[in-house]
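Just below is one structure, and these are the notes that go with it.
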Amino acid sequence: MTRNIGILGAMAQEIDEVKALLTDKTIVRIANREFVVGKINNVRCVVAFSKWGKVAATITATLLIQEFGVTDLFFIGTAGALADGLKVGDIVVSKRLVQHDLDARPMLSRFELPLLNRVYINSDPELTELAGKAVSDLLQNGVENMVGEEAVKEFNLAPTLHFGDIASGDQFINSDEKRNEILGLLPDVQCVEMEGAAVAQVCLEFNVPFTVIRTISDTADHNARVDFGKFIVEVANAYSRAIVLEIMRLI
Ligand code: ADE
């Protein structure tokens, strides 16, 4: 079967850089979303901005699968770090996704997905390995080749690659209290964001392999708001573009 790769990005600016990579483009608009169909490095792709939060991302992922028949799905974006060793600029590739704001007790256990009998959804091992290889190739090549020397200095970038659990919820986490609450209940979680676990659930139900790639933009504590916007403009866009291009070279 010819592969048809779905790429979702969590920020409009980030995914615009990825859309710019496509050749032989067609633009399709459905439900206030723009899907760009084309090729990157001769691989058929459909690229879209997921929009923010679990519901919005669910709609976009479902459309990607149902309307465009994607065979694989990569989600790329930023996240707030929870794990101790993570720094701004590091990259986390998902092993498992969990919704940190899901709580149907007393009917179900905390974080349990209704009618799915599980708390975590595993990302696809092959796509996870592929994304990890793409990131590690890029980091070996030097982060300055992705973002330029100025951004490296400004954000003190010395990125490392991590694999692990990612938690999603409909909240931007920017307090020590909330951050510690999530970590206390889900100690293996590396980082938090707002879409990955929703996309994972869509992919599970449609049986489409997926993985999530997140660049650490902040530490999900009281500094989160200050760091975020600047980082997106100066670093995250360039990372997304480079990572997607490298994945397409490896496929
Ligand atoms: N995406 C990037 N940083 C985040 C944070 N601190 N909380 C939720 N989503 C994020």
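Could you figure out which of (1) in a loop (DSSP other than H, G, I, E, B); (2) under 13 Å from residue 215 (Cβ atoms); (3) within 16 Å of the ligand (Cβ to nearest atom) isn't true of residue 162?
Evaluating residue 162 over (1) in a loop (DSSP other than H, G, I, E, B); (2) under 13 Å from residue 215 (Cβ atoms); (3) within 16 Å of the ligand (Cβ to nearest atom) leaves (1) as the failure.
For the list (1) surrounded by fewer than 15 Cβ atoms within 10 Å (Cβ to Cβ); (2) touching a residue at least 24 places away in the same chain (Cβ under 8 Å), I need the number of the one condition that residue 159 fails.
Of everything listed in (1) surrounded by fewer than 15 Cβ atoms within 10 Å (Cβ to Cβ); (2) touching a residue at least 24 places away in the same chain (Cβ under 8 Å), residue 159 misses just condition (1).
Would you point out the residue of the range 195-225, among those that are part of a loop (DSSP other than H, G, I, E, B) and open to solvent by less than 10 Å² (accessible area, probe 1.4 Å), that is farthest from the ligand (Cβ to nearest atom)?
In this case the residue turns out to be 195.
Please go through the range 52-99 and pick out each residue that is of a type in the set (D, E, K, R) and over 29 Å from residue 180 (Cβ atoms). First the steps, then the outcome.
Here is the first cut: in the range 52-99, the residues of a type in the set (D, E, K, R) are 54, 67, 72, 84, 87, 90, 95-96.
Correct list: 67, 72.
Quick test for you: out of 172, 228, pick the one residue that is outside any strand (DSSP E or B), open to solvent by 60 Å² or more (accessible area, probe 1.4 Å) and within 11 Å of the ligand (Cβ to nearest atom). Steps first, please.
On the way: 228 fails: open to solvent by 60 Å² or more (accessible area, probe 1.4 Å).
Exactly one residue qualifies, and that residue is 172.
Please go through the range 42-56 and pick out each residue that is open to solvent by less than 10 Å² (accessible area, probe 1.4 Å), out of contact with any Phe, Trp or Tyr (no Cβ under 8 Å at 6 or more places or on another chain) and among the small types (Gly, Ala, Ser). Talk me through it step by step, then tell me what you get.
So in the range 42-56, the residues open to solvent by less than 10 Å² (accessible area, probe 1.4 Å) come out as 45-48, 50, 53.
Still in the running and out of contact with any Phe, Trp or Tyr (no Cβ under 8 Å at 6 or more places or on another chain): 45, 53.
The one that is open to solvent by less than 10 Å² (accessible area, probe 1.4 Å), out of contact with any Phe, Trp or Tyr (no Cβ under 8 Å at 6 or more places or on another chain) and among the small types (Gly, Ala, Ser): 53.
The values are calculated or read from the model by the stated rules, or taken from the named source; none is laboratory data. Computed from a predicted structure; not experimentally measured. Positions of Cβ are backbone-derived with ideal geometry, glycine not excepted, and every protein chain shown enters the neighbour counts. Remember, those area values only see protein heavy atoms, side chains included, never the ligands or the DNA or RNA. Shrake-Rupley method; radii C 1.70, N 1.55, O 1.52, S 1.80 Å.
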